[in-house]
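Undergrad: Take this structure first; my questions come after.
The values are calculated or read from the model by the stated rules, or taken from the named source; none is laboratory data. What you see is a predicted model; the values in this text were computed from it and never measured. Cβ atoms come from the backbone with ideal geometry, glycine included; neighbour counts cover every protein chain shown. Heads up: the accessible areas ignore ligands, DNA and RNA and are worked out on the full protein's heavy atoms, side chains in. Shrake-Rupley method; radii C 1.70, N 1.55, O 1.52, S 1.80 Å.
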Amino acid sequence: MTRPQAADPAALAAEVARLADLAELQRLAGRYLASLDEGDFGEAWAKSLFTEDIEMTFPVGSHRGITGVGAFTTEIMARWGRTHHHGSDSSVDLDGDRAGLSWSLIASHVHHGSPVPPDPSEYFQLGGRFTGTARRTPDGWRFDRLRLRIVWTTGAVPRGVTQVDATTLDTRGNTPANTPATTPANHAATKEN
C-alpha cells in the first residue's frame with residue numbers, strides 16, 4: 001500500500017473553502033424551500049435568504065427588492081391551507097463570490113377547508129424547476145435572483161388565479177414533433193431558425 005503524498009496546504013485550504021461554499025449554497029436553497037411550508041415571512045426571514053436587490057419571478061407574479069418580499073410571499077402562500085414543497089439536490093455553479101443554483105421541485109398545495117388525513121385532500125400540485133443566482137454577502141450567501149419555471153400541474157388552481165406569466169411556463173413538447181407549424185408567427189420563427 002502506498003501512502004499519498006502530502007497535499008499543498010494552500011490548495012487544500014482552497015478546496016475546503018470551495019466545499020464549504022457549496023454546502024452553504026445548498027443549505028440556502030433547502031432553507032428557502034422549507035420556509036415556504038413554515039409560513040413565517042417576516043423581515044428576519046427575508047434578510048436570511050435574500051439580498052437587498054432580490055428579483056423574484058413566479059408564475060403568479062414578480063417582485064423586486066427586499067422591501068415587501070415577505071408580503072409578496074405571504075400573498076402567494078395565503079392561497080393555501082397548507083403546503084408541502086419537495087426539492088431535489090441543488091446544482092451549484094460557483095464562481096468566486098457569485099453562484100448559479102437550480103433544483104427541481106414538486107410542490108403540493110392543499111386547499112383551505114380540505115379534509116385532513118387520512119381523508120383525501122383537495123389540492124393543486126406542480127412540478128417545476130427553480131433557477132437563481134446568489135452572491136456572498138457579509139452575512140453569508142443570499143439569493144439575488146430567483147425564478148420558478150413550471151413544467152406540469154394537476155388538481156384545481158385556487159380561486160383568483162386566472163392567468164400566469166407565460167415566460168415561467170415550460171411549453172416544450174406542446175407541438176407534436178412531426179407536425180409543421182401552422183400559424184404565421186410560428187412559420188416565420190421556423191424559417192428564421
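Undergrad: So which residues in region 142-160 are open to solvent by 30 Å² or more (accessible area, probe 1.4 Å) and among the aliphatic types (A, V, I, L, M)?
TA: Once the filter is applied, which keeps residues that are open to solvent by 30 Å² or more (accessible area, probe 1.4 Å) and among the aliphatic types (A, V, I, L, M), region 142-160 yields VAL151, ALA156, VAL157.
Undergrad: Considering only region 142-175, state which residues are touching a residue at least 40 places away in the same chain (Cβ under 8 Å) and among the polar types (S, T, N, Q).
TA: THR167, THR168
Undergrad: Mind listing whichever residues of region 45-62 are over 14 Å from the mean Cα position of the chain (by Cα) and surrounded by 17 or more Cβ atoms within 10 Å (Cβ to Cβ)?
TA: Across region 45-62, the qualifying residues are TRP45, ALA46, THR51.
Undergrad: May I ask you to verify whether ILE106 is closer than 23 Å to THR167 by Cα, open to solvent by 40 Å² or more (accessible area, probe 1.4 Å), not polar (S, T, N, Q) and not in a loop (DSSP other than H, G, I, E, B)?
TA: Taking the combined requirement at face value, the residue satisfies it.
Undergrad: Moving on. Identify all residues within region 69-103 that are under 26 Å from TYR123 (Cα atoms), open to solvent by 50 Å² or more (accessible area, probe 1.4 Å) and in a strand (DSSP E or B); write none if there are none.
TA: The answer is ARG82, HIS84, HIS86.
Undergrad: Quick check on region 129-141. Is at least one of its residues farther than 28 Å from LEU19 by Cβ, touching a residue at least 12 places away in the same chain (Cβ under 8 Å) and either open to solvent by 80 Å² or more (accessible area, probe 1.4 Å) or not in a strand (DSSP E or B) (or both)?
TA: Within region 129-141, the subset farther than 28 Å from LEU19 by Cβ is none.
No, that holds for no residue.
Undergrad: Also: Can you go through THR167, THR133, THR154 and tell me which one is of a type in the set (Ser, Thr, Tyr) and over 27 Å from ARG98 (Cα atoms)? First the steps, then the outcome.
TA: Details: THR167 fails: over 27 Å from ARG98 (Cα atoms); THR133 fails: over 27 Å from ARG98 (Cα atoms).
From the options THR167, THR133, THR154, the qualifying one is THR154.
Undergrad: Looking at region 53-70, I want the residues that are more than 17 Å from PHE130 (Cα to Cα) and have a partner that is among the basic types (Lys, Arg) with Cβ atoms under 8 Å, at least 6 apart or on another chain. Which pairs are those?
TA: Between residues of region 53-70 that are more than 17 Å from PHE130 (Cα to Cα) and residues that are among the basic types (Lys, Arg), the close pairs are ASP53/ARG64; ILE66/LYS47.
Undergrad: Next up: Could you check ALA34 against (1) surrounded by fewer than 18 Cβ atoms within 10 Å (Cβ to Cβ); (2) modelled with pLDDT under 95; (3) under 25 Å from PRO138 (Cβ atoms); (4) of a type in the set (Gly, Ala, Ser) and say which number it fails?
TA: (2)
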